[in-house]
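K.L.:
I have a structure here, written as structure tokens, and I will follow up with some questions on it.
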Amino acid sequence: MLPEWKPVLDALTGARHGGRIEHLAPALRELDRRHPNVPEIAAELGYTLAAQDALPEALAAYERALALGLPSPAEQANTLAGHAICLLRLGKATEAVRALEAARTQFPDHAEFTAYLALARHRAGATAEGFALLLGLLLETSEDTGLAAHQRTLRAMLAAPAGTAV
């Protein structure tokens, strides 16, 4: 049997598909008030608030959802991504780096964490590390034949200290 909150949450999030979200935040806040320890509600509230640029409140909702523990790996990964993006948008690059490094450890096959980590490192002032991550990700995921032909050289150059002959 479904928990009492689940059909309500499904109806609210289903209404989001039309792009109209302005009515969702108050309804999700009310559902969250009635069911304060449900991570799925907190995560959806975080997503909705972030989409409405209510970033401090979105961050708090994401953090609560993560602390409560999400039931599925997909929900956990999506919430970790939303949390990190929120940190980046709030200018908290160093915190985003820590969050994304942890997310990559938990979900090593999720390339989005590497891409966001590259951006976070860049914004935190570690531009070379961010560039290296992004180039590595490009080489791992691209099917471009030109990149494939030059992959060994690019990786060697990326690994070598600046100014050394490769």
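K.L.:
List the relative contact order of the chain as a percent without decimals, with contacts defined as Cα pairs under 8 Å and 6+ residues apart.
P.N.:
Numbers: 164 pairs, mean separation 18.7, N = 166.
Relative contact order here is 11 percent.
K.L.:
Could you size up the charge dipole of the chain around its Cα centre, putting +1 on the beta carbon of Lys and Arg and -1 on that of Asp and Glu, and report it in debye to the nearest 20?
P.N.:
Details: 15 positive and 19 negative charges, 70 e Å.
I would put it at about 340 debye.
K.L.:
While we're here: Between GLN52 and residues 5 or more places away or on another chain, which pairs have amide H atoms under 5 Å apart, with H built 1.01 Å from N, and which residues are they?
P.N.:
The answer is none.
K.L.:
Nothing charged except the Cβ atoms of Lys and Arg (+1) and of Asp and Glu (-1): what's the magnitude of the dipole of the stretch 1-71 about its Cα centre? Round to the nearest 20 debye.
P.N.:
Once rounded to the nearest 20, the dipole reads 100 debye.
K.L.:
Quick one: which of 57-65, 135-143 comes out on top by average Cβ neighbours within 10 Å, and what's the full order, highest first? List each step's numbers first, then the result.
P.N.:
Working: 57-65: 22.0, 135-143: 13.4.
The peptides rank, most packed first, as 57-65, 135-143.
K.L.:
Work out which helices of the chain, taken as complete DSSP H runs, extend at least 20 Å along their axis over the Cα atoms and score a mean Kyte-Doolittle of 0.5 or more, then list them. Before the final figure, lay out each step's value.
P.N.:
Working: long enough: 73-89 (24 Å, 0.28); 127-141 (21 Å, 1.33); 145-159 (22 Å, 0.20).
Helices meeting the criterion: 127-141.
K.L.:
Hey, another quick one. Let me make sure I get this right: for the stretch 93-166, a, b and c are the square roots of the gyration tensor eigenvalues over alpha carbons, sorted descending. Under 1.5 in a/c it's rounded, otherwise prolate if a/b > b/c, else oblate. Which is it? Walk me through the numbers before you get to the answer.
P.N.:
Numbers: a/c = 2.63, a/b = 1.43, b/c = 1.85.
Oblate is the answer for the stretch 93-166, as a/c is 1.5 or above yet b/c matches or exceeds a/b.
K.L.:
Also, I was wondering about something else. Quick check on the chain: helices-only [θ] at 222 nm, where DSSP H runs of length 4 and up contribute -39,500 (n - 2.57) each and the sum goes over total residues. Nearest 500, please. Could you put the intermediate results ahead of the total?
P.N.:
Values: 9 runs with 123 residues, N = 166.
Roughly -24000 deg cm²/dmol at 222 nm, from the helical runs in the chain.
K.L.:
Here's another thing I want to ask about it. Sticking with the crude label model, points 7 Å out along Cα→Cβ, report the distance from ALA160 to ALA51 in nm, one decimal please.
P.N.:
About 4.9 nm separates the two model spin labels.
K.L.:
Also, quick follow-up: Peptides 124-131, 97-104: what's the order by average Cβ count within 10 Å, highest mean first?
P.N.:
Numbers: 124-131: 14.8, 97-104: 20.2.
In decreasing order of mean packing, 124-131, 97-104 become 97-104, 124-131.
K.L.:
Quick one: which of 76-86, 39-49, 144-154 comes out on top by average Cβ neighbours within 10 Å, and what's the full order, highest first? Don't skip to the answer; put the middle values down first.
P.N.:
On the way: 76-86: 22.4, 39-49: 24.5, 144-154: 11.5.
My ranking of the peptides, most packed first, is 39-49, 76-86, 144-154.
K.L.:
Just want to confirm a number: the relative contact order over the stretch 62-117, from Cα pairs under 8 angstrom separated by 6+ residues, in percent.
P.N.:
Numbers: 41 pairs, mean separation 16.4, N = 56.
Reported as a whole number, the value is 29 percent.
K.L.:
Identify, among LEU66, LEU87, ALA160, the residue whose Cα sits farthest towards the positive end of the charge dipole of the chain, taking +1 on the Cβ of Lys and Arg and -1 on the Cβ of Asp and Glu, with the dipole about the Cα centre.
P.N.:
Ranked along the dipole, the leading option is ALA160.
K.L.:
Using the Cα atoms of the chain, I'd like the radius of gyration and the largest Cα-Cα distance, Dmax, both in angstrom.
P.N.:
Final numbers for Rg and Dmax: 19.4, 65 Å.
K.L.:
Still on this structure, I have one more. Normalised radius of gyration for the stretch 1-71, please: alpha carbon Rg relative to 2.2 N^0.38 Å, two decimal places.
P.N.:
That works out to 1.02 for the stretch 1-71.
K.L.:
Thinking of the stretch 1-40 as a set of Cα atoms, what percent of all their pairs are more than 11 Å apart? Walk me through the numbers on the way to the answer.
P.N.:
Numbers: 501 of 780 pairs.
Of all Cα-Cα pairs in the stretch 1-40, 64 percent lie more than 11 Å apart.
No value in this document is a laboratory result; all are computed from the given coordinates. Since the model is a prediction, treat every value here as computed from it, not as a measurement. Note that each Cβ is placed from the backbone with ideal geometry, even for glycine, and that neighbours are counted across all protein chains shown.
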